[in-house]
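Bear in mind these aren't lab numbers, they're just calculated from the coordinates by the rules spelled out. This is a predicted model, so every value here is computed, not measured. Please note: Cβ atoms are built from the backbone with ideal geometry, for glycine as well, and neighbour counts cover all protein chains shown.
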Amino acid sequence: MQPRVFIGALIVAIMAAGVNATPPIELELATERGVQITTPHEWLQRLATIGLDHVRIRGTQAGDVPAVTNVGTSAQPRYHVVGILTARGQLNLPGGAFDRGDTDRLKDYFARLAADGSESLTAARGRYGLTEEELAVVFAGLTQSIAFETTGQPPRAMIDQLAKKLSMKLACDPEADQALNKAAAVAEDVQQLTVGTGLAIVLRNCDLVLRPEKPRGESVLLRISTADDALLSQDTLGRTEDVSQPFWPIGWEPDRRPRELAPSLFESLNAEIDGYTLEETLAAIGPRLGIPMFLDRAALARSDIQPAAIKLTLPRTKTYYKRVLDRVLAQARLGAQVRIDEAGTPFLWITR
């Protein structure tokens with residue numbers, strides 16, 4: 001049997017330049033029975049390389065579990081961390097287990113604790129790497145209405161107006177900033193939509209995307225960045241179960257049938273089209289649909305689909321608006337989906 005290691009209440013001050021942890025962090029290691037006699041010393045050396053201020057080593061006691069406690073104040077926190085050093089030589093900390101070679105992971109672990117507190121170590125993370133609470137804040141901010149006409153506005157001017165409505169910072173990567181300065185005027189009026197969906201549509205038509213992110217030690221922000229063709233060709237529909245969505249979607253999958261969301265799409269009519277272009281047809285049908293309609297202009301441009309140049313035909317028939325739309329869009333290799341914005345407002349998204 002291996003001897004049990006017990007180093008009473010020895011406080012080992014470890015000074016190194018790896019992590020200048022602010023606020024202070026005190027680490028208390030409880031060693032299980034069976035720990036190799038050299039293991040605690042080896043861990044002390046590893047911890048020294050990441051610059052912790054204080055480490056205390058002792059034997060395990062009844063009820064010992066990995067834990068983090070703020071023994072300071074909310075304004076000036078000071079964290080006391082209890083870790084378990086197992087008989088296998090593994091260090092178990094709240095929210096993570098570390099082997100002897102995990103120096104970089106340990107450094108990142110304590111840097112996160114110092115920057116964002118104990119919840120950053122244990123809170124479950126989903127879409128965009130955010131916690132449920134962080135994502136709820138983002139969703140609430142992006143559910144605001146746009147409330148001003150966007151048609152003909154430079155995208156940059158529209159974004160500047162929206163930034164004033166948001167409590168979150170709206171950041172723009174340098175490449176995206178250049179693209180916005182060169183972008184054509186907004187082609188459609190998205191004021192009927194929420195900030196999240198309306199902004200996502202405008203940015204997509206500039207080959208840009210919106211993504212929430214949480215920089216270490218900072219509040220959640222919204223970042224505008226460029227996107228390559230592979231990224232832009234991905235499905236842009238938000239689904240509740242999809243946590244891998246790389247950017248903010250063009251609307252969300254509704255939980256109600258299209259007939260319930262937009263009954264006007266299913267009103268009957270006599271229809272005939274002969275010689276009109278897709279652009280002319282959409283302009284004529286759009287006001288009668290009862291819900292906003294938006295084109296995925298980025299997808300059309302990538303596929304060289306020009307609505308003003310595509311002539312349509314539809315023999316005279318008694319049908320309904322959604323069927324007419326489906327048939328004419330099929331002639332251009334397009335389709336229409338009923339989606340909802342963050343506030344539940346339905347709209348039509350025409351894409352490949």
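Stokes-Einstein at 4 °C, 1.567 mPa s, Kirkwood radius from Cα pairs: D for region 11-122 in µm² s⁻¹? It diffuses with D of about 93 µm²/s by this estimate.
Taking label points 7 Å from Cα along the Cα-to-Cβ direction, A97 and E132 give a separation of 2.5 nm. Over all directions, the projected convex hull of the C-alpha atoms in region 127-232 averages 6.7 nm² in area.
The distance between label points at R211 and F266 comes to 3.9 nm (points 7 Å beyond Cα on the Cα→Cβ vector).
Full extension of the segment from R302 to I37, taken as 0.36 nm per residue of separation minus the current Cα-Cα distance, would add 88.9 nm.
The ellipsoid that matches the Cα gyration tensor of the chain has semi-axes, each √(5λ) in whole angstrom, of 58, 20, 17, with the longest given first. Note on K169: lysines with a C-alpha under 30 Å away, same-chain residues under 8 apart excluded, are K107, K182, K214. Of the trypsin sites (Lys or Arg not before Pro) found in region 253-345, the ones in coil according to DSSP and having at most 14 other Cβ atoms within 10 Å of their Cβ are R256, R333.
Exposure proxy ranking for D207, D173, based on other Cβ atoms within 10 angstrom of each Cβ and starting from the fewest, stands as D173, D207. When you filter the chymotrypsin sites (Phe, Trp or Tyr not before Pro) in region 107-211 for DSSP loop state and at most 14 other Cβ atoms inside 10 Å of their Cβ, you are left with F148.
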